[in-house]
Structure formats: structure tokens, C-alpha cells
Amino acid sequence: MNRLSPVLNPEEYIEQEYFFRTFRERHQDGRPSQEILDRIHEELLSTTRLPLAVQFMAVELKHSGLLGTAMTHLSHYFNPFQAFIIAKAEEEGKRFSMDIALKILEDEARYRSYQPIPEALFVFQFEVLCRNRLGYDHGMNAMMLDSFYDQEWREYLETVRRNIGEIEFADLVFVRSEAYAAKHRQKYPEKPLPRVLFGEKEGKIARANRGRDPLYLFAALQRHLGYPPVPYIRAKTNPLEQLPTLVAKLREMEQRVKLIENDLRERRSTSVPLAENNDIRPVELDD
């Protein structure tokens, strides 16, 4: 069985937020990852364990060339979900970029540095998987290895992982909420329920969004639970990308116009000429 990752002190998450943000900004400037790691550990507080972790990442990056592998070896410090996000950004052929991955980890570290609650962190991480299409199986398995979630929560994560394709996410939230538990206790007071994981407010939000686009549910839960907005891939429209399509449509329209003109010429050449105007006589009607 895989070992659970520990919950770190708030100071560690504060430094992680700075590390992921600075890494992302310098990466966007075009600086190599190896160069960033070789220097950034000097900026981090030595009272935390992050400088040592970053130095190990720099060494591992020279050998394997992958940050995700380095973070996996540091499971006693980075949680598996963090390593999973970086590994997904390093996969070839994926639209999921390293900049978005680092922004996700930056926002998550900032949220963890305050007073995080399991339901908010769960929805944040689940929305990351959903919006960026990272896959539920491996992503939720990584979430389950975080000791921030107790045994009851890990069992619930497994239930969500197994049923997410068949049952709406809104229903999966509602049935473990206080809103559902209150109605259940009125009807079946002798029947016990699993532990409530979501409050009454979250349950009402989930019930109101049943049968709707889950993005509406995510937006409402984000507002009320207070977790950071989830970074995700935003479709960019480039007018130059549409130019080949417009040229092809223009050629198709030109061919259709030519076909219509040819058809009109053929009809004119085969039609019977009309009589001259002076040959036309009015029809005389019998009295």
C-alpha cells in the first residue's frame, strides 16, 4: 500500500506558493527549468524544508529530465496530487501546459497555507481534473494518498471515482450533505447514514444544479466555499487560423457561381426564340 503524504506546516505552503509562482513567471520569460532550480533555492527560507527539496529536484532534473519524477521521489514532502499535475504537464501531445500546472499548484499552496477545509480542497482538485481533462482515475488516486483527507473522505473519493461516469457530480455531493441528511432523518429516523461531509448550504447548491452543466455547480461552490478559481485551458481564437477555411469556402462559392452561369447559358441556347412584338395579336373572345 502506498504511504500517505504528510500535512505540512503553513510556513511550508507559504514558501511553496512563492516557489511555484516564481518558477512560473521565470518559465514564462523563457528561462530553462534547470537554471531556475539551480538558483531559486537560495531565495527560499532555510527554516523550511523546501530549499532541500528544490535542490533534489535540480539534481533529479539533470538525470531524468522530468520534474514529475523528482516530485514523486519526494512523497514525504510534496503530495501525490502535486506530482500528478506536473507529470501531466510534461506528457507529450497534451494541451495542458506547464504554466497552467504551476498556477494550479501555486493557488493550491496558497489555500493550504490558511485554514483549508476538506470539502473545499476536494472540489478544487476535482474541478482541476474536470476542467483540464486530466483523467479521473489517476487523479483521484493521487488525491486519496493525501493524509489531509481522513479515512471517511478517502472512501468517499473512491466512491466518486467509481461512479462519476454514471452519477451526476451534483448528486454525489448532495447525498453526503447536511441538506440530504436532515430530510432522511425526518423520513427514516431509525436508519443510519454515513458521516456528513458537506454542509447544508453546499447540499442545497448541489440539489439546485441537478441536471445542469456542472460548471455552474463549480462556480457556485467556488463562491461559497472560498477556494481559489481553478486555472484551466482557455480556447484562444486566432483570426489567421480561420483564413484557410475562409479561402476554401470562397473557392466553393466561386465554383457554384460558375455552375449556375453555365446552366443559364445552356438554357438560353436551347430555348425557342420568342416571336417579334408586331406578330403578337390579342386573342379575340367569342360573344
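Cα centroid separation, the stretch 47-93 to the stretch 156-185: 33 Å. Solvent-accessible area of Lys94, all protein chains in place: 90 Å² (probe radius 1.4 Å, heavy atoms, ligands and nucleic acids excluded).
This structure gives P(r) over Cα pairs in 5 Å bins from 0, in percent, computed directly, and of [x] 1, 5, 10, 14, 17, 17, 14, 9, 5, 3, 2, 1, 1, 1, 0, 0, 0; [y] 1, 5, 9, 12, 13, 11, 9, 7, 5, 4, 3, 3, 2, 2, 2, 2, 2, 2, 2, 1, 1, 1, 0, 0, 0; [z] 1, 6, 13, 18, 22, 19, 14, 6, 1, 0 that value is listed as [y]. Applied to the stretch 42-49, the Karplus parametrisation 6.51 cos²θ - 1.76 cosθ + 1.60 on θ = phi - 60° returns per-residue 3J(HN,Hα) values of 6, 8, 8, 5, 6, 6, 9, 8 Hz, with x for Gly and Pro. Ser269 exposes around 90 Å² of accessible area when a 1.4 Å probe is run over every protein chain in place. Per-residue 3J(HN,Hα) values for the stretch 210-221, derived from phi via the Karplus relation 6.51 cos²θ - 1.76 cosθ + 1.60 with θ = phi - 60°, read 5, x, 9, 4, x, 5, 5, 5, 4, 4, 5, 5 Hz in sequence order (x marks Gly and Pro).
Considering only Glu119, Glu12, Glu155, the Gaussian network model of the chain with Cα springs below 10 Å gives its largest mean-square fluctuation to Glu155.
When the Cα positions of Tyr188, Ala206, Phe174 are compared along the charge dipole of the stretch 170-214, Tyr188 comes out farthest toward the positive end, with charges on each C-beta of Lys, Arg, Asp and Glu. Residue order by solvent-accessible surface for Arg267, Arg31 is Arg267, Arg31, largest first, with ligands and nucleic acids left out and a 1.4 Å probe.
Computed from backbone phi with θ = phi - 60° and the Karplus coefficients 6.51, -1.76 and 1.60, the 3J(HN,Hα) list for the stretch 244-259 is x, 5, 5, 5, 5, 5, 5, 5, 5, 5, 4, 5, 5, 4, 5, 4 Hz; x is used for glycine and proline. Think of the chain as having a plus end and a minus end, set by charges on the Cβ of Lys, Arg, Asp and Glu; of Ile164, Leu8, Val128, Leu8 sits farthest toward the positive end of this dipole.
In the chain, helices alone account for a calculated mean residue ellipticity at 222 nm of -19500 deg cm²/dmol, with every DSSP H run of four or more residues adding -39,500 (n - 2.57). Roughly to the nearest percent, how much of the accessible area of the chain is carbon and sulfur, given a 1.4 Å probe? Percent of accessible area from carbon and sulfur atoms in the chain: 52.
Near Leu74, no amide H atom lies under 5 Å from its own; only residues 5 or more places off or on other chains count, and H is placed 1.01 Å from N. The simple spin-label model puts a point 7 Å past each Cα toward its Cβ; for Arg267 and Tyr232 those points are separated by 5.2 nm. Evaluated with a Cβ-only charge set (Lys, Arg +1; Asp, Glu -1), the chain carries a dipole of roughly 680 debye about its Cα centre, given to the nearest 20. Scaled to the globular estimate 2.2 N^0.38 Å, the Cα spread of the stretch 71-191, given as radius of gyration, is 1.19.
Rg then Dmax, both in Å and based on the Cα atoms of the stretch 66-134: 12.0, 37.
Rounded, prolate or oblate: pick one for the stretch 123-203, where a ≥ b ≥ c are the square roots of the eigenvalues of its C-alpha gyration tensor, a/c under 1.5 means rounded, and failing that, prolate if a/b is larger than b/c, else oblate. Judged from the Cα gyration tensor, the stretch 123-203 comes out prolate (a/c at least 1.5, a/b above b/c).
The equivalent ellipsoid that matches the C-alpha gyration tensor of the stretch 135-268 spans semi-axes of 54, 20, 14 angstrom, in descending order. The stretch between Asn163 and Glu25 holds 45.9 nm of extra length on full extension. This uses 0.36 nm per residue minus the Cα-Cα distance.
The values are calculated or read from the model by the stated rules, or taken from the named source; none is laboratory data. Bear in mind the structure is a predicted one, so any value in this text is a computation, not a measurement. Glycine also receives a Cβ, built like all others from the backbone with ideal geometry; neighbour counts cover every protein chain displayed. Heavy atoms of the whole protein, side chains included, go into the accessibility calculation; ligands, DNA and RNA do not. Shrake-Rupley method; radii C 1.70, N 1.55, O 1.52, S 1.80 Å.
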